[in-house]
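Here is the structure we will look at.
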Amino acid sequence: MRVDMSRLSTSGPRPGSGQRAAPPPVKFSSGGGSNGGRPPRRSKYWTPRTRRDALIFLAFALPNIVLIAVFTYRPLFTNMYYSTLDWTLGAPDAISVGLGNYI
């Protein structure tokens, strides 16, 4: 019986085992460059592209947010206010009773 010795290597995952080898570690230069061995500096956050993308997002999202606020949250808060009043339908005056309607 012959044994294939290349398959018995322990230096990495076996072919067909479904495991991937770990990527090599990232090494930064230790001198001579302007970064002094530090990772490369991240670019400015608000580049023209990210600013444009943010404006496009706001152009699509703001109308939806306004509609939700007008047709959902405004009636919710006005109903909470009306529930603190003693108000007969059609009467010109409403008397504030606070949380008396709930007690």
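Values in this text are rule-based calculations from the coordinates and carry no lab data. Nothing here was measured: the structure is a model prediction, and the numbers come from that model. All Cβ positions, glycine included, derive from the backbone under ideal geometry; neighbour counts span all protein chains shown.
A few notes on this one:
- Residues in region 54-71 that a label on TRP46 would reach, taking backbone N under 17 Å of a point 7 Å out along Cα→Cβ: 54-59
- Counting only the Cα atoms, region 46-103 fills a convex hull of 130 Å³ per residue.
- Peptides 64-72, 88-96 ordered by average Cβ neighbours within 10 Å, highest first: 64-72, 88-96
- Label point distance in nm, ALA54-ARG38, each placed 7 Å from Cα along Cα→Cβ: 2.3 nm
- Gain on full stretching of the segment that runs from PHE77 to ASP93 - 0.36 nm per residue minus C-alpha separation: 3.8 nm
- For VAL97, distant residues with modelled amide H under 5 Å away: LEU85, ASP86
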